[in-house]
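The values are calculated or read from the model by the stated rules, or taken from the named source; none is laboratory data. From a predicted model like this one, the values you see are computed outputs, not experimental measurements. Positions of Cβ are generated from backbone atoms using ideal geometry, with glycine treated the same way; all protein chains shown enter the neighbour counts. Accessible surface areas use protein heavy atoms only, side chains included; no ligands, DNA or RNA. Shrake-Rupley method; radii C 1.70, N 1.55, O 1.52, S 1.80 Å.
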Amino acid sequence: MKKSIRILGIETSCDETAAAIVEDGRYILSNKLYSQIEIHKKFGGVVPEIASRNHIQKISGVIDEALSEANMTFADLDAIAVTYGPGLVGALLVGVSTAKALSFSLNKPLIPVNHMEGHIFANYITYMDLEPPCVCLIVSGGHTHLVHVQDYGRYRILGRTRDDAVGEAYDKVARTLGLPYPGGPQIDKLAMMGDPKAINFPRAYLDKDSLDFSFSGLKSAVLNYINQTNMKRQPIIKENVAASFQASVVEVLVNKTLMAVKNIGTDKLLLAGGVSANSELRKQFKDICYKKGINLYYPKIELCTDNAAMIASAGYYGYIRGDRADMTLNAVASLALDSK
Ligand code: KG4
Ligand code: ZN
């Protein structure tokens, strides 16, 4: 019988300290996470130095929990996979140093993983039989990418944001509405009670046929609307602002993604990243994909936002491909997805 491969994944690129063990790239044996959200909430967003300091305090404990939940010891692992970018450099360095120390002392391979690639893999652990090629829309706090996933580990960027990432726009609009960090889930909830047609916010389609995105104009339009309404001493109906902002975001994401699916000629579409947890985004994609005969995939809610199971899963495919890092592995804050 073929021996199972068990990979420890480590993720510290932003404000989640995470460790997980995944078998054969698809089966989660454990998935542990220490979220720093409550700490950063006070500041209205992630404070990089505080994130690094918390990672260094928590990482060993989180790894121990992942091993004990999987009923394993370090000796049972086949390799250590770690996020080395993109992300906050000080935060990434904690995961990278920890993974290097483990790899060296246990004499086990070290597998470097791109965080964005990890987000795509959250789909492969949600759907056991899912295989590339496909198109993936990655929408997170730091990135907005339309990607042609040609194979495991082979990516071509079809479009990307020219300014703010979608999650970043959600978080900034939420902050202006006086909602706590992270703002995405707050806007999602408020929007359910609002009228998406109440305010006609702009939609940035950019040049005809462009698969790039831009959300800074929309963000400014929402902030201007809030300031002007306040100056006129008129009431702000937060539910309507949230629903109208979200309608603009989702419309552009859906239309550009459908264009990418058509251009590539695939019938397989994946959503990934924190914003793929958004209920309106999922609903609209579900409706349109059903009508057009496109097979839609998105991760379980808890695997949309940052976690280490997706890193361990991506690490498995890197492991069987022969990707290895040595003790010179460094954090790369702006690591590109198509850099291989
Ligand atoms: O993927 P992620 O955990 O971190 C990055 O790699 O950036 O994404 C976090 C982002 C935050 O901006 C958060 O507000 C957003 O995902 N988010 C959502 C929802 N849940 C998380 N945005 C909209 N609706 C949601 N339900
Ligand atoms: Zn992420």
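State which residue is farthest from Thr73 (Cα to Cα) when the search covers only region 94-109 and only residues that are of a type outside the set (S, T, N, Q) and not in a helix (DSSP H, G or I). Out of the qualifying residues, it is Pro109.
From the list Asp306, Asp287, the lone residue that is open to solvent by 10 Å² or more (accessible area, probe 1.4 Å), in contact with a Ser or Thr (Cβ under 8 Å, 6 or more places away or on another chain) and not β-branched (Val, Ile, Thr) is Asp306. Being in contact with a strand residue (DSSP E or B) (Cβ under 6 Å, 6 or more places away or on another chain) and within 14 Å of ligand 1 (Cβ to nearest atom) holds for only one residue in Ala277, Ala309, Ala243, Ala247, and it is Ala309. Residues of region 250-306 that are hydroxyl-bearing (Ser, Thr, Tyr) and more than 16 Å from ligand 2 (Cβ to nearest atom): Thr257, Thr266, Ser279, Tyr290, Tyr297.
Condition check ((1) hydroxyl-bearing (Ser, Thr, Tyr); (2) out of contact with any Ser or Thr (no Cβ under 8 Å at 6 or more places or on another chain); (3) touching a residue at least 12 places away in the same chain (Cβ under 8 Å)) across all residues:
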| position | (1), (2), (3) |
| --- | --- |
| Leu211 | no, yes, yes |
| Ser214 | yes, no, yes |
| Met231 | no, yes, no |
| Lys238 | no, yes, yes |
| Thr257 | yes, yes, yes |
| Ala260 | no, yes, yes |
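Here region 133-153 is the region considered, the condition is being in contact (Cβ under 8 Å) with a residue 40 or more places away in the chain and over 18 Å from Cys304 (Cβ atoms), and the residue that is most open to solvent (accessible area, probe 1.4 Å) is Pro133.
Within the span defined as region 81-89, one or more residues are within 16 Å of ligand 2 (Cβ to nearest atom), modelled with pLDDT of 95 or more, on the phi < 0 side of the Ramachandran plot and among the hydroxyl-bearing types (Ser, Thr, Tyr).
Note on region 230-252: residues that are of a type outside the set (D, E, K, R), out of contact with any Phe, Trp or Tyr (no Cβ under 9 Å at 6 or more places or on another chain) and open to solvent by 10 Å² or more (accessible area, probe 1.4 Å) amount to 6. Residues of region 139-164 that are within 13 Å of ligand 2 (Cβ to nearest atom) and more than 18 Å from Gly9 (Cβ to Cβ): Val139, Gly141, Gly142, His143, Thr144, His145.
I'd like to verify a number: residues in region 111-126 that are surrounded by fewer than 24 Cβ atoms within 10 Å (Cβ to Cβ) and over 16 Å from Glu302 (Cα atoms), how many? So the count comes out to 1. From the list Glu168, Glu131, which residue is within 14 Å of ligand 2 (Cβ to nearest atom), under 30 Å from Leu329 (Cα atoms) and of a type outside the set (A, V, I, L, M)? It is Glu168.
Here Pro196 clears all of (1) in a loop (DSSP other than H, G, I, E, B); (2) near ligand 1 (Cβ under 8 Å from one of its atoms) except the condition numbered (2). When region 313-326 is filtered for residues that are away from ligand 2 (no atom under 15 Å from the Cβ) and in contact with a strand residue (DSSP E or B) (Cβ under 8 Å, 6 or more places away or on another chain), the ones remaining, listed by number, are Gly315, Tyr316, Gly318, Tyr319, Asp323, Arg324, Ala325, Asp326.
On the stretch given as region 154-184, residues that are open to solvent by less than 10 Å² (accessible area, probe 1.4 Å), away from ligand 1 (no atom under 16 Å from the Cβ) and either in a loop (DSSP other than H, G, I, E, B) or modelled with pLDDT under 95 (or both) total 0.
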